Every structure is written in structure tokens, then in C-alpha cells.
Ligand SMILES: Cc1cc2nc3c(=O)[nH]c(=O)nc-3n(C[C@H](O)[C@H](O)[C@H](O)COP(=O)(O)O)c2cc1C
């Protein structure tokens, strides 16, 4: 199956061909591809459609070098054309709930939904709702990895980094959570041969 393609892959093809790639072709990704990638990732579902994910895209070599240092020197960070920092910001969601509730609702329904959401999340601590939002953001991370693959780009999701350093680099507030750093680019070398559990090992029928 071709890795670099102008033909979008089917969902099954993208799932089967995706592997973590850590060496990338040294070239820029066109802005329109990045916007399309984020559009596709943003089509992920979330509870109450709150969409807490925020995608910080680092293409600048100096910023990628800082992110690599925050990621304990992992080389794939500077090898990649861009690094998508997949973040979750529930405080931003709650500050701007009017942005989030369905635009087709009546003014009265919008107010009711906004009040219900404020009460629900207001009863949680910032940390609790941060973790809640992070769970939603992992869905968008999965979409991002498969959307990139479908467009002919390779990725590697990464949690091996110091979140406080990444917040400093991107100038983000303390409450922001990270699902992953995702180096993205055209594949320049194969990834490790990975294995998966059999279906019998992970499927429990009742
Ligand atoms: C949340 C998450 C964090 C990961 N963190 C790292 C990382 O910091 N560095 C790295 O090289 N790979 C990282 N990986 C990649 C995994 O090692 C890889 O996905 C796994 O071995 C399966 O291989 P595959 O992605 O090629 O199927 C991470 C994967 C996930 C999903």
C-alpha cells in the first residue's frame, strides 16, 4: 500500500497502514493540508459536543528544538515537518459556552443549556474537569492520526515530555492538559514492527 498518496485512503486502509514513524522527509507541509487535517480531527465526537481540543502547530525550527528538549531529546520532534500539540482546554470551553451550544437553538434553549453546563462543570474542580476534557480530546487525537494517514502523512503520538516545559514554550495556562505531542510529516523510514493482541484477547462477549 502506498504511504505517500494523493488519493485519500479508506478508513480501513488508514487504520491498517498507520504505524508510528520517527524519521520524516525534510519538507514543509502546505498550510492548506494542515488546516484540512485539523478540520478532520475536529469532526471527532465529544460529550455535549463541547470540543475541548485545541491544536497548537509548531513548524518553526527554533520552537521544534525547544519542544524536543522538553521531550527529553526525542529526535522525531525536530525531524518532523510540524509538531501538533494536542491540548485540551476546558476553562476556555466554559468561558465561551455560547460558542459551543448548538447555533440552531432558540435563545431560551441556549440559555438553559449554558446554565446546565455551567452548573454541571462548576461542581467539579478545575483538575477534575481538566481530566474530563482530556478524555474527550483523546478521541480527536485518534481522528488526527488517522486523518493524517489518510492524507499520506505519517505521525507518532508522544507522551514522553515535560508538560510544564511545553506550557512554557507555548505560553499556555496551568490548567491546560495535553493528550500528546504529534510529530507529522512524510515518512522517511519505516517504524518498528509492532504487534497487537488477538481479537480473542481483547473481546469479551456477554
Ligand atoms: C499516548 C501515547 C504516547 C506515546 N508516547 C511515545 C513517546 O513519547 N515516544 C515514542 O517514540 N513513541 C510514543 N508512543 C508510540 C507507541 O510506542 C506506539 O504507538 C506503540 O508502540 C504502537 O506502535 P504503532 O503506533 O507503530 O502501531 C506513544 C503512543 C501513544 C498512543
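Coordinate-derived values only; no laboratory data. None of the values given here were measured: they were computed from a predicted structure. Cβ placement follows ideal geometry from the backbone for every residue including glycine, while neighbour counts extend to all protein chains displayed.
Axis angle, to the nearest 10 degrees, between helix 31-41 and the longest C-alpha principal axis of the chain: 60 degrees. Above 21 Å lies some portion of the pair distances; for the range 108-206, what is it as a whole percent of all C-alpha pairs? Roughly 59 percent, once rounded to a whole number. When Rg and Dmax are taken over the Cα atoms of the range 11-188, they come to 17.2, 54 Å.
GNM on the chain, C-alpha springs below 10 Å: top fluctuator among 196, 39, 54? With Cα springs under 10 Å in the chain, the top fluctuation among 196, 39, 54 is at 196. Think of it as helices only: each DSSP H run of n ≥ 4 in the chain is worth -39500 (n - 2.57), and spread over all residues that comes to -13500 deg cm²/dmol at 222 nm. Please list, in order, the residues from the range 10-30 whose amide nitrogen is less than 17 Å from a point placed 7 Å along the Cα→Cβ vector of residue 75. Counting only backbone N, you get 20-27. For the peptides 8-20, 73-85, residues were scored by their other Cβ atoms within 10 Å and the scores averaged per peptide; the highest-first order is 73-85, 8-20. You can think of it this way: the chain between residue 204 and residue 43 has 55.0 nm of extra reach, that is 0.36 nm per residue less the Cα-Cα gap. Our summary gives the range 48-206 a relative contact order of 32 percent, counting only alpha carbon pairs under 8 angstrom and 6 or more residues apart.
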